[in-house]
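Notes for the one structure printed next.
Nothing in this text is a laboratory measurement; each read-out follows from the coordinates by a stated rule. Please read all numbers here as calculations on a predicted model, not as lab measurements.
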Amino acid sequence: SVTVIGARDAHGILGREVRSAANEDMGRVVDVIVDRELSYADIYVSATEGLVRSKEVLQGLENASGFLRKHLAERVELRVFPRLRFHWDVTPERADRIERLLIEIHKEDENKANKTNDR
């Protein structure tokens, strides 16, 4: 018998399975979004090196997508297995940039406070 699952369940299962199937060279899986019809699984990835590796990582995943889809289809019981689409997630880079800006602002505030105290 085939178990039919919804997109929300597929998201959780696929997310875990994709993370375990993709090795670190393929980047880090940040999120998996499965459409309502289970036609597509949009897989968002990043790497610690950032945007510099985006083309390499996405190309590697695209090249391995047939293998990954076959591997996942063997482990996840779905009537029809979604096609995998890979996307670069810029969230880690944006978060890093925001953190650097906040540190810079904090340092500027400290410098202003120190100059005021010196007067």
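Along its principal axes, what span do the Cα atoms of region 22-119 show, with the longest given first and each in whole Å?
The principal-axis extents, from largest down, are 74, 28, 18 Å.
Using amide H atoms built in the peptide plane, which far-off residues or other-chain residues are under 5 Å from Phe86 H to H?
Ile43
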